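Enquirer: Okay, handing you the structure first.
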Amino acid sequence: MSEPLENLWAAVVNGEERKLQIAQSTRLVDVLRTHLNLTGTKVSCEVGRCGACMVLMDGEPVNSCLVMAYQCVGSEITTIEGLHGEKEDELHPIQQAFVEEGGFQCGYCTPGMVISTKALLDRYPQPSQEQIETGLCGNLCRCTGYGGIIRAVRTAGENCVSSFTLITGEKKVNDL
Amino acid sequence: MLLNREQSGKRWHLRPDGVGKVTGKLQYLTDMTLPDMIHGRVLRSSYPYARIVSIDITGAEAMEGVFAVLTSKDVPGLNRFGIATPDQPVFCEDVVRYVGDAIAAVAADSPERAARALEAIRVEYEEWTPMDSTEAALAPGAPVLHEHGPGNVLHRTEIKRGNVEEAFAACEHIVAETYYTPRQMHAYMETEGGLFVPEENGRLHVYAATQHGYKDRMQLSRIIGCSEEDIRVVSSPIGGSFGGKDELNVQPYGALLALRSGRPVKMHNSRKESVRAGLKRHPMKIEMQTGISREGMIQAHRVRITADTGAYATLGAPVLNFCTEHCLGPYSIPHVDVEGISVYTNNGVSGEFRGFGGNQAIFAMEGQMDRLAEIMKMDPWEFRRRNMREKTDPGPLNQRILGTDGLSQVWEAMDRSELWQKHQHLPADPSLPPWIKRGVGAAIAMHGAGLGYGIPDPAGGRLSLNAEGKIEVAFSYEEFGQGLIATLEMMLCDLFHCSTSDLSIIIGDTDRVPHSGSSTASRSTTMAWMALQRLQTPFRSKILSVASTLSGIPADELITGIGGVWRKGQLPPAVTANDTTIDSRVVVSYADLAKDGEAEEWTFDTHFEYPTTPDNVVGGHYLYTYAAVAAEVEVNTLTGEAKLLDTRHVVAAGPVINPMGFIGQIEGGSVMALGFTLTEDAVMQDSRYITTNLDTYLIPTIRDIHTHLEVEAIEELPEGDPYGPRGIGEIGSVALAPAITAAIHQATGVWVNRLPVPRDQLIKPLDVPLQEGVNRS
Ligand code: FES
Ligand code: FES
């Protein structure tokens, strides 16, 4: 049975090629949560304000509630499930820092926060306060008051630098 | 003690739910799916106030992929819910009273189909003019929303003592002010939802967030018309609540749709629907007149509170009780005349919210204190000290309370603090442009915990050694982010010197936990601690006596520890669970102990009530937590923007069990209060929400928060205090607003009486000359 071509959606999700027959107007957040059962990506405001649905699309942070399926065909998508430490069952240094500093409470904003932090530290390995605020002001957290999150980002910055070589592609060059 | 990671040392305890949360692997109840599940949606009212003329569901029923369409006719039991007063219809029969009212619900095989089915339902209304304010609802001849009036009055409160008229006449100064507070939204990041599963044995499994699974189960059984045992409610983990999920929300619809269709039904509110239907903090108008003697002693206090409770009762009455109690502050006042009224309107439903009416009251009362101190030309902190209650004084309602030194301790700690000291001589900063003004303000609060006298407030818990040899505790408290599981782990490790790997902690599942009351009113930590105090002795002696029988070593030479029972003196102070030599050193392991005897022999239960005042004062509290907050604020008088630069919270709540959790609760509460003070308001016009999502309803982002925040904990309790650590879930959020507005006054000279602070009040007209280099008005 051959489906009409426009219904075929294909992208690399967390390093794995995924294909789906879906309407091209499906939101990426639904592709992930509903069709691929990747519920680590959360949904909250659905208007691009809260950052709970943040994922990396070709390395850039995007609100997956604002991206339509047709806009991400062929792209490389990293969700929270795709983040890990040097071994697959280990925490990424960012995740480790969130645990150690108490950078979460209910945890519902956390996957999006971690993803935004990843994007931030990829760009600025040792971010200034200003850069942290700019990098994370698209992620709302109602529980922590952000104190623990800021401490986690700082700690992660220190740990990432020592344990990881950062990607330094053209667009990610530290422009401090 | 200043609380931070460094000071906390070994008590910096990593949360057991951390890995699941940072990896996204933890499934919230709204993340759950089942292969054959269908999707539920609710049709809500098109009008805030109208008569339903007819409902036609035939179009929706005929649609492909639609499994159930329900209206009020399909509710087998009681078509009402509400924790205290069940007056909210599951489905409206004839009248709609607010825009969140439900008229019908559908379940279909995809969310899109369910949405289309809703559109196919035809409802004919006769539109009425909504009562969009308490004034409109109290106007003579106003239509009455509920039978249990009188009129549109849900509840009245009153405190009267002394002779206020005479006292005012004799006062040297009187300050009169009216304070207004906003309709704050909980804005938990996870909106309401869950999965509702009819089981083969006829039982219904409900996976949905609530702060009190047993209460949900009771209400659902009433709605469905079945026994409570036919329902299992699984209610943790929760993506935030702050009081907002204490009432039923999607549960009645999910449950009824699942039973009708025979399939698992998933519900998950969109943010817009959550705003429309969900609870908010009560907007209040508080009129206060306070009179003082020549010496600056408060003589008379008159208060009129008007609360907009919206279309249904929920906890409107207890919230008003709490507000009434707290509008006297921690001060001794001889002549008092307080009246409160909670009014039904066609606005959104107001209910329980962190602080529970204390936030509004404390904003007003502390505002009075600052205004009075200024009239006296007295330091506002000294003015408070003069008027503060003594340790042995009765509580605000003249009820006996447990005396602690908390109030004077937080006062003194704040008095000494560098931040508050700045208030005296705020240095002018010549590097700042002249339109930037700075000020420092402070406020103090006593905040009751528990539900108060006369309201059933049961507590309890279960401690057992389970078949796998784990020390198992079970409570009906919920984890909504506050760190309850981590706190329980720490309490148990402290009590039994064991490691977290020896523990099994069970919460949030009515099939597996005893009824130990709700997670609300800052009560869970205290109740869990008190339960464990009661359970530890019988549990420990059972363990040690069996271990003694098995090993031949006298029980008094034995002690519980990591992995099992040890010989006293051999349990090293610092042993870790992954130490491989443990097995050879424990006398009897927990696993071996558990094999001895029946499960019941290893299970210990306790039941008791939250401690209340012995005096017959409904709603009166017995245990209080104390806090002082100082804030340094910078105001841009060109834009009217106020920015919180530095904040210090001093909290007297007894021993800090879990420092990470404590800091998190105070920081989080503080930022929530910052939103309450500066930006948050769920604005309604003609009883419809204007701010329908997080793009217009502005909660603080990482850019808007305090540049600096310190938390100081005062851990002392009276010697032998039997109640242990007090809850701190609310205390961080109750006193920041008046501290900020006091700071704004120092910076600009403006007395703010309305929250969120109206920016236009802080903008200086252009023709007022600005003074170079002086940051004070
Ligand atoms: S759900 Fe996408 S930004 Fe809020
Ligand atoms: S931890 Fe709950 S929203 Fe951030």
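The values are calculated or read from the model by the stated rules, or taken from the named source; none is laboratory data. If you're wondering where the values come from, they're calculated on a predicted model, not measured in any experiment. Glycine also receives a Cβ, built like all others from the backbone with ideal geometry; neighbour counts cover every protein chain displayed.
Enquirer: What about B:L320, is it touching a His at 6+ places or on another chain (Cβ under 7 Å), more than 14 Å from chain A (Cβ to nearest Cβ), part of a loop (DSSP other than H, G, I, E, B) and touching a residue at least 60 places away in the same chain (Cβ under 8 Å)? Spell out the reasoning first.
Expert: Working: touching a His at 6+ places or on another chain (Cβ under 7 Å): yes; more than 14 Å from chain A (Cβ to nearest Cβ): yes; part of a loop (DSSP other than H, G, I, E, B): no; touching a residue at least 60 places away in the same chain (Cβ under 8 Å): yes.
No; evaluated as a whole, the condition is false for this residue.
Enquirer: Something else now. Pick out the one residue from A:E46, A:E76, A:E88, A:E81 that is within 16 Å of ligand 1 (Cβ to nearest atom) and charged (D, E, K, R).
Expert: Testing whether each residue is within 16 Å of ligand 1 (Cβ to nearest atom) and charged (D, E, K, R) leaves just A:E46.
Enquirer: Also: Any chance you could count how many residues in the range A:69-111 are within 16 Å of ligand 2 (Cβ to nearest atom) and small (G, A, S)? Give the derivation first.
Expert: If we filter the range A:69-111 for residues that are within 16 Å of ligand 2 (Cβ to nearest atom), which is where we start, we get A:80, A:94-95, A:97-111.
So of that shortlist, the ones also small (G, A, S) come out as A:97, A:102-103, A:107.
Total satisfying the criteria: 4.
Enquirer: Report yes if B:A591 is more than 14 Å from chain A (Cβ to nearest Cβ), part of a helix (DSSP H, G or I) and surrounded by fewer than 24 Cβ atoms within 10 Å (Cβ to Cβ), otherwise no. Walk me through how you get there before you give the answer.
Expert: Numbers: more than 14 Å from chain A (Cβ to nearest Cβ): yes; part of a helix (DSSP H, G or I): yes; surrounded by fewer than 24 Cβ atoms within 10 Å (Cβ to Cβ): yes.
When the stated conditions are applied, B:A591 passes them.
Enquirer: State all residues of the range B:17-46 that are away from chain A (no Cβ under 14 Å), part of a loop (DSSP other than H, G, I, E, B) and crowded, with 22+ Cβ neighbours inside 10 Å; if no residue qualifies, say none.
Expert: Kept after step one, since they are away from chain A (no Cβ under 14 Å), are these residues of the range B:17-46: B:36, B:40-46.
Of the ones still in play, those that are also part of a loop (DSSP other than H, G, I, E, B) are B:36, B:45-46.
Within the range B:17-46, just B:S45 meets the criteria.
Enquirer: Could you check B:E61 against (1) farther than 22 Å from B:A209 by Cβ; (2) surrounded by 16 or more Cβ atoms within 10 Å (Cβ to Cβ); (3) in contact with a strand residue (DSSP E or B) (Cβ under 7 Å, 6 or more places away or on another chain); (4) modelled with pLDDT of 95 or more and say which number it fails?
Expert: Checking B:E61 against (1) farther than 22 Å from B:A209 by Cβ; (2) surrounded by 16 or more Cβ atoms within 10 Å (Cβ to Cβ); (3) in contact with a strand residue (DSSP E or B) (Cβ under 7 Å, 6 or more places away or on another chain); (4) modelled with pLDDT of 95 or more, the one that fails is (2).
Enquirer: Sticking with this one: Looking at (1) over 20 Å from A:V12 (Cβ atoms); (2) within 15 Å of ligand 1 (Cβ to nearest atom); (3) within 7 Å of chain B (Cβ to nearest Cβ); (4) not in a loop (DSSP other than H, G, I, E, B), can you tell me which one A:P111 breaks?
Expert: If we test A:P111 against (1) over 20 Å from A:V12 (Cβ atoms); (2) within 15 Å of ligand 1 (Cβ to nearest atom); (3) within 7 Å of chain B (Cβ to nearest Cβ); (4) not in a loop (DSSP other than H, G, I, E, B), just (1) comes out false.
Enquirer: For the range B:232-245, which positions are buried (at least 24 other Cβ atoms within 10 Å of the Cβ) and away from ligand 2 (no atom under 16 Å from the Cβ)?
Expert: Listed by number, the residues that qualify are B:V233, B:S235.
Enquirer: Return the residues of the range A:66-86 that are closer than 22 Å to B:K21 by Cα, more than 10 Å from chain B (Cβ to nearest Cβ) and modelled with pLDDT of 95 or more; say none if nothing qualifies. Even if it seems obvious, please write down each step before you answer.
Expert: First, the residues of the range A:66-86 that are closer than 22 Å to B:K21 by Cα: A:77-86.
Okay, now just the ones that are also more than 10 Å from chain B (Cβ to nearest Cβ), so A:77-78, A:85-86.
Those that are closer than 22 Å to B:K21 by Cα, more than 10 Å from chain B (Cβ to nearest Cβ) and modelled with pLDDT of 95 or more: A:I77, A:T78.
Enquirer: For the range A:48-58, what are the residues that are part of a loop (DSSP other than H, G, I, E, B) and more than 13 Å from B:T191 (Cβ to Cβ)?
Expert: Hits for the range A:48-58 are A:G48, A:R49, A:G51, A:D58.
Enquirer: Could you look through the range A:53-62, keep only residues that are more than 16 Å from ligand 2 (Cβ to nearest atom) and in contact (Cβ under 8 Å) with a residue 40 or more places away in the chain, and pick out the one that is surrounded by the most Cβ atoms within 10 Å (Cβ to Cβ)?
Expert: From the range A:53-62, those more than 16 Å from ligand 2 (Cβ to nearest atom) are A:55-62; that's our starting set.
Still in the list and also in contact (Cβ under 8 Å) with a residue 40 or more places away in the chain: A:55-56, A:59-61.
Numbers: A:V55: 28, A:L56: 23, A:G59: 16, A:E60: 13, A:P61: 24.
Among those that are more than 16 Å from ligand 2 (Cβ to nearest atom) and in contact (Cβ under 8 Å) with a residue 40 or more places away in the chain, it is A:V55.
Enquirer: Given the options B:S504, B:S584, B:S548, name the one that is modelled with pLDDT of 95 or more and out of contact with any helix residue (DSSP H, G or I) (no Cβ under 8 Å at 6 or more places or on another chain).
Expert: Details: B:S584 fails: modelled with pLDDT of 95 or more; B:S548 fails: out of contact with any helix residue (DSSP H, G or I) (no Cβ under 8 Å at 6 or more places or on another chain).
None of the other options fit; the residue is B:S504.
Enquirer: Go through the range A:117-159 residue by residue and tally those that are surrounded by fewer than 24 Cβ atoms within 10 Å (Cβ to Cβ), within 16 Å of ligand 1 (Cβ to nearest atom) and not in a loop (DSSP other than H, G, I, E, B).
Expert: 2
Enquirer: May I ask you to list the residues in the range A:49-69 that are near ligand 1 (Cβ under 6 Å from one of its atoms) and among the small types (G, A, S)? Steps first, answer last, please.
Expert: Our first condition is that a residue be near ligand 1 (Cβ under 6 Å from one of its atoms); within the range A:49-69, this holds for A:49-53, A:63, A:65.
If the condition is that a residue be near ligand 1 (Cβ under 6 Å from one of its atoms) and among the small types (G, A, S), then A:G51, A:A52 are the ones that fit.
Enquirer: Tally time: how many residues in the range A:99-108 are away from ligand 1 (no atom under 16 Å from the Cβ) and either farther than 25 Å from B:S235 by Cβ or not in a helix (DSSP H, G or I) (or both)? Let's see the steps before the verdict.
Expert: Taking the range A:99-108 as the starting set, the residues that turn out to be away from ligand 1 (no atom under 16 Å from the Cβ) are A:99-105.
Within this subset, residues satisfying the condition of being either farther than 25 Å from B:S235 by Cβ or not in a helix (DSSP H, G or I) (or both) are A:100-105.
So the answer is 6.
Enquirer: A further question follows. Within the range A:17-38, can one find any residue that is within 10 Å of ligand 1 (Cβ to nearest atom) and within 10 Å of chain B (Cβ to nearest Cβ)? Give the derivation first.
Expert: Step one: list which residues in the range A:17-38 are within 10 Å of ligand 1 (Cβ to nearest atom), which gives A:27-29.
Okay, now just the ones that are also within 10 Å of chain B (Cβ to nearest Cβ), so none.
No, every residue in the range A:17-38 fails to be within 10 Å of ligand 1 (Cβ to nearest atom) and within 10 Å of chain B (Cβ to nearest Cβ).
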